[in-house]
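Working notes for the structure below.
Values quoted throughout were computed directly from the atomic coordinates according to the rules given, and no laboratory measurement underlies them. Source: prediction; values computed, not measured. Every residue, glycine among them, receives a Cβ derived from its backbone with ideal geometry; neighbour counts consider all protein chains shown.
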Ligand code: AMP
């Protein structure tokens, strides 16, 4: 069975066609600049790449072009569109409206469009546009919505509620929703598989998704118990350009001092802060490491702050779960930056963490890399994330 995974943005549409028998990627690519001058599709298949430079006025044309590429004489991997059994759509925010992935029907579409847009005003309308385009072009193919937030819906109220008036939580849905859920789900499941702990209700993992956006989750028995991002992906640890947690009163104070509106200060906290704001150099960890190695103290400070904040989350989640069996690192920084992993683990020996310096420093592309010492009570793993595969698996589970 072949499943198409679609990730639609306001002017982009990325896709992967996955063969569910092997879980291998048959083809992938993305349309860029939809509705703008210079639109194009970069498509890969059969080990080749092809760029379609053409007018892509809307998402319907984008998905038509993707289907053409999938059936292309050179890079094509299917003979007919009917070979695609279902389409899984990535959706950023579910609020409390969707606790799981869902098969699209009138009701799901209505809820998506009428209830969730205000929770992710940049992302959810784009996902709905992509979905409607696919429904038009592939009317007989089942569609599934897979949400970044739904893995976090198992959090207990003490973890997801803020200390605000309960009536306001009820009236406005202001609470912790988290993000990167498909990634946390994937790596926690892979860790359980690797360690032979699948189905073990007592298996406690802290998953560290560290990339340009970073979030950390506590996962016990395969269920998310807590996560560092909040009502939006601005909360938790500091990130590439996002501030992470800041006292709300400091935000109001800063806005007044800088003469910024509510919207402007939120944009500032999203775009001008984090390790980029502290270092004054870059949001990219490779630049920060190069800067710190060359003696730039603010690059070193940004790296120290990042590792310190991550370490605090790992420790607090061990406390929340009554222990930790495994720490997983994933995403751009988590998978590729040994010094960040070492800095986070340094000082966690009291929990039973013993990092193996050589294994941590070694590169490799195996699906799971164990970087803790044999005598480490807590296994430390590096697992490349695969959000598209989670979307495809969820889609298969609903249409299978
Ligand atoms: P992501 O958001 O998961 O794509 O991660 C982006 C971050 O990962 C950037 O800060 C990069 O510096 C970092 N990153 C990606 N690839 C590498 C690499 N090969 N070595 C070091 N850092 C990397």
Among 223, 170, 357, whose mean-square fluctuation peaks in a Gaussian network model of the chain (Cα, cutoff 10 Å)?
170
Distance between the C-alpha centers of segment 149-221 and segment 32-84? Whole Å please.
35 Å
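May I ask what percent, to the nearest 5, of DSSP beta bridges between residues of segment 276-400 are antiparallel? Please report the intermediate quantities before stating the final value.
Details: 3 of 8 bridges.
The antiparallel fraction comes to roughly 40 percent.
Could you work out the relative contact order of segment 261-400, using alpha carbon pairs under 8 angstrom and six or more residues apart, expressed as a whole percent? Could the numbers behind the result be given before it?
Numbers: 152 pairs, mean separation 24.7, N = 140.
Contact order relative to length: 18 percent.
Tell me, in nm to one decimal, what length is gained between residue 73 and residue 223 on full extension, where the rule is 0.36 nm per residue of separation less the Cα-Cα distance?
Details: separation 150, 0.36 × 150 = 54.00 nm, distance 4.44 nm.
Answer, rounded to one decimal: 49.6 nm.
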With everything on Cα atoms, drop me the angle between helix 106-115 and the longest principal axis of the chain, reported from 0 to 90° to the nearest 10.
50 degrees
Please check: in the Gaussian network model of the chain (C-alpha springs, under 10 Å), which one of 221, 364, 211 has the largest mean-square fluctuation.
364
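Determine, for 224, 273, the number of other Cβ atoms within 10 Å of each Cβ, and report the residues in order from fewest to most. All intermediate terms of the calculation are to be shown ahead of the outcome.
Details: 224 23, 273 20.
Least to most surrounded, the residues fall as 273, 224.
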Which of 252, 349, 388 moves the most in a Gaussian network model of the chain with Cα springs under 10 Å?
252
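Could you work out the relative contact order of the chain, using alpha carbon pairs under 8 angstrom and six or more residues apart, expressed as a whole percent? Don't jump to the answer; show the numbers that get you there.
Values: 827 pairs, mean separation 56.0, N = 400.
Averaging sequence separation for qualifying contacts and normalising by length gives 14 percent for the chain.
Arrange the following residues from fewest to most other Cβ atoms within 10 Å of their Cβ: 182, 241. If you can, show how the numbers build up before the last one.
On the way: 182 26, 241 19.
Lowest to highest Cβ neighbour count: 241, 182.
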What does DSSP give for the chain in terms of the percent of beta bridges that are antiparallel, rounded to the nearest 5?
70 percent
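Would you mind telling me the antiparallel percentage of the DSSP bridges in segment 1-156, rounded to 5?
Details: 28 of 38 bridges.
Just about 75 percent of them are antiparallel.
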I'd like the FRET efficiency for residue 397 and residue 122, computed as 1/(1 + (r/R0)^6) with the beta carbon distance as r and R0 of 25 Å, rounded to 0.05.
0.30
Calculated from DSSP helices alone, with each H run of at least 4 adding -39500 (n - 2.57) and the total divided by the residues of the chain, [θ]222 nm to the nearest 500 comes to -11500 deg cm²/dmol
Ranked by Cβ crowding within 10 angstrom, fewest neighbours first, how are 396, 41 ordered?
396, 41
Angle between the Cα long axis of helix 297-321 and the longest principal axis of the chain, 0 to 90 degrees, nearest 10?
90 degrees
To the nearest 0.05, how large is the calculated FRET efficiency for residue 64 and residue 319 if R₀ is 41 Å and r is the Cβ-Cβ distance?
0.20
With Cα coordinates, the longest principal axis of the chain makes an angle with the long axis of helix 59-70, in degrees rounded to 10, of 80 degrees
Report the calculated FRET efficiency for residue 261 and residue 80 (r = Cβ-Cβ distance, R0 = 45 Å), to the nearest 0.05.
0.30
Rounded to two decimals, the Debye log10 I(q)/I(0) of segment 1-85 (Cα scatterers, no solvent) at q = 0.17, 0.23, 0.25, 0.26 Å⁻¹ is -0.62, -1.07, -1.23, -1.30
